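Contents: one structure, followed by commentary.
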Amino acid sequence: MVPRLLTFDIFGTVIDWRRGLSDALARAGRPVAEGEFDRIVDRQGALEQERPFRTYREITKHSLVDVLGLGPAEADAIGAGVGTWPPHPDAPAALKRLMTVVPCVATTNSDIAHGEDAQRALGLRLAAWICAEDVRCYKPDPAFWREVSRRLGVEPGPAWWHVSAYADYDLDVAARLGLTTVFVARPHARPGPAVHRVADLRELAELVGGHR
């Protein structure tokens with residue numbers, strides 16, 4: 001099936017989430033120990049399901065306080081800077097190439113400000129940045145996906161490809177909705193079943209080019 005839309009998980013898939021957080025914590029004098037990154041991710045997932053809604057900046061802050069015992073001010077500064085974390089090296093050129101043939105949209109558990117920072121870091125603007133702060137819920141809640149569908153005016157189906165390194169946050173729900181799923185084998189990933197599996201976004205650009 002030829003893709004008519006590509007949606008992307010951002011943090012972990014396009015932006016190097018683990019490196020960005022590890023570097024930020026090292027600058028704060030609290031390097032990440034073995035296993036702590038996954039504990040932080042899991043704590044964030046739990047916080048994202050709580051009510052009332054909190055921004056991803058707040059989610060990041062609370063996860064670092066809860067898991068690492070980081071001071072609230074230091075944790076908040078890290079949460080504010082999430083969008084400045086470095087892209088995976090293959091991402092900018094691959095996304096530029098992909099956007100010449102198909103709309104590329106961010107669907108991300110993050111904030112509006114993070115989107116502005118991240119797109120500056122990538123050196124490009126995606127067709128849209130649809131984020132949790134705007135939608136007021138977090139993936140993997142199916143309500144997030146329904147809102148993406150509504151905003152883009154695109155019904156879920158195989159011509160909508162979703163790209164992620166995370167089965168638990170993204171690919172499982174995308175598959176249930178009938179999307180074509182693409183797993184990206186990043187150094188930090190949570191694998192699961194997918195229609196396509198690629199090593200990076202460069203390989204995805206080759207794959208999409210071969211489908212056109």
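Every test in (1) in contact (Cβ under 8 Å) with a residue 24 or more places away in the chain; (2) crowded, with 16+ Cβ neighbours inside 10 Å is passed by Pro187 save one, and that test is (2).
Does Thr60 meet the test of being crowded, with 17+ Cβ neighbours inside 10 Å, among the hydroxyl-bearing types (Ser, Thr, Tyr) and touching a residue at least 40 places away in the same chain (Cβ under 8 Å)? It is false that Thr60 is crowded, with 17+ Cβ neighbours inside 10 Å, among the hydroxyl-bearing types (Ser, Thr, Tyr) and touching a residue at least 40 places away in the same chain (Cβ under 8 Å). For segment 83-110, the tally of residues that are of a type in the set (Ser, Thr, Tyr) and surrounded by fewer than 22 Cβ atoms within 10 Å (Cβ to Cβ) stands at 2. Candidates Ala46, Ala121, Ala80: the one that is surrounded by fewer than 14 Cβ atoms within 10 Å (Cβ to Cβ) and closer than 28 Å to Leu6 by Cα is Ala46. Selection of segment 11-31 for residues being in contact (Cβ under 8 Å) with a residue 12 or more places away in the chain and surrounded by fewer than 18 Cβ atoms within 10 Å (Cβ to Cβ) yields Arg19, Ser22, Asp23, Ala28.
Being closer than 25 Å to Trp129 by Cα, small (Gly, Ala, Ser) and either over 16 Å from the mean Cα position of the chain (by Cα) or modelled with pLDDT of 95 or more (or both) narrows it down to one residue among Ala75, Ala26; which is it? Walk me through how you get there before you give the answer.
Details: Ala26 fails: closer than 25 Å to Trp129 by Cα.
Ala75 is the lone residue from the list that is closer than 25 Å to Trp129 by Cα, small (Gly, Ala, Ser) and either over 16 Å from the mean Cα position of the chain (by Cα) or modelled with pLDDT of 95 or more (or both).
Set side by side, the residues Leu204, Leu177 differ, and just one is assigned by TED's automatic domain parsing to the domain that holds Pro92, among the hydrophobic types (A, V, I, L, M, F, W, C), at negative phi and crowded, with 20+ Cβ neighbours inside 10 Å, which is Leu204.
Just to be sure, is Arg136 touching an Asp or Glu at 6+ places or on another chain (Cβ under 9 Å) and surrounded by fewer than 18 Cβ atoms within 10 Å (Cβ to Cβ)? When the stated conditions are applied, Arg136 passes them.
The values are calculated or read from the model by the stated rules, or taken from the named source; none is laboratory data. Since this is a predicted model, take the numbers as computed values, not measurements. Because the Cβ atoms are built from the backbone with ideal geometry, glycine has one as well, and the counts that use them run over all protein chains shown.
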